[in-house]
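For reference, the structure is listed below as structure tokens.
Throughout, read-outs are computed from the coordinates displayed, never taken from laboratory work. It should be emphasised that the depicted structure is a prediction, and the values quoted were computed from it without experimental measurement. Methodologically, a virtual Cβ is constructed for each residue, glycine included, from the backbone with ideal geometry; neighbour enumeration extends over all protein chains shown.
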């Protein structure tokens, strides 16, 4: 009887340490599925891959379906920024990469230098009665990140006879500005491998608008593909986004139609894999 009681108490102790961070004081004990660990992907051998297509897509947190990632108590932009610049004690610190090739890394100092900018501030000197412009560093605010770029592979696994996407990396997008404050457009701040980020995302709770009692982590949210997005790039010989290709460079409507065409082709291919 004592052994059974000891086993039960030990299990409760382990369960208590496997919860997601509590942002509100619950009125009952709350646990999460899989004890806050990412579910590993199934083994995929090269001989089983009969088709693969690399796709880039944009997730905009301002869209209604994506408002979950802007939850003030635990937004995605703060999670990724903290993970890369400081890390999490239990799940480590993922490496930041310069571009989507994932071959060149960035140090934390380089990430800070790229994110931060300087603003021109006029300073008046009462002695000389003259005004001089001085560059003042402007620290980066991660809450300004509204969009994220996903790089994923759509893979046909002949062993399981299915076509499924696998997210390879994610990059937060930031707004570049010149020293005079002129906006220069959006760009990737850095890239992070999803395999290195998943242990952290599995420990971070995302808002579940349907049921407060159902715990949902960011890793579940990405793996179940509960986000809305639009395709901005398909693997091509020029390695260019759709909007920068010569055919669509001067026509934004045609670029959007091309994005929908790529999305529809993936759907049709998956549908045509089987005959009914």
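Tabulated data for the structure shown
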{"item": "Least to most buried among 88, 174 (fewest other Cβ within 10 Å first)", "result": "88, 174"}
{"item": "Kirkwood-Stokes translational diffusion coefficient of the stretch 45-271, alpha-carbon pairs, 10 °C, 1.306 mPa s, µm²/s", "result": "80 µm²/s"}
{"item": "Sites residue 235 and residue 127, calculated FRET efficiency, Cβ-Cβ separation with R0 45 Å, nearest 0.05", "result": "0.15"}
{"item": "Exposure proxy order (Cβ contacts within 10 Å, fewest to most) of 246, 46", "result": "46, 246"}
{"item": "Highest to lowest packing among 164-171, 58-65, 147-154, scored as the average C-beta count within 10 Å", "result": "147-154, 164-171, 58-65"}
{"item": "Fewest-first ranking of 271, 48, 56, using other Cβ atoms within 10 Å as the exposure measure", "result": "271, 48, 56"}
{"item": "Set of the stretch 148-163 residues, backbone N closer than 20 Å to the point 7 Å along the Cα-Cβ line of residue 270", "result": "149-163"}
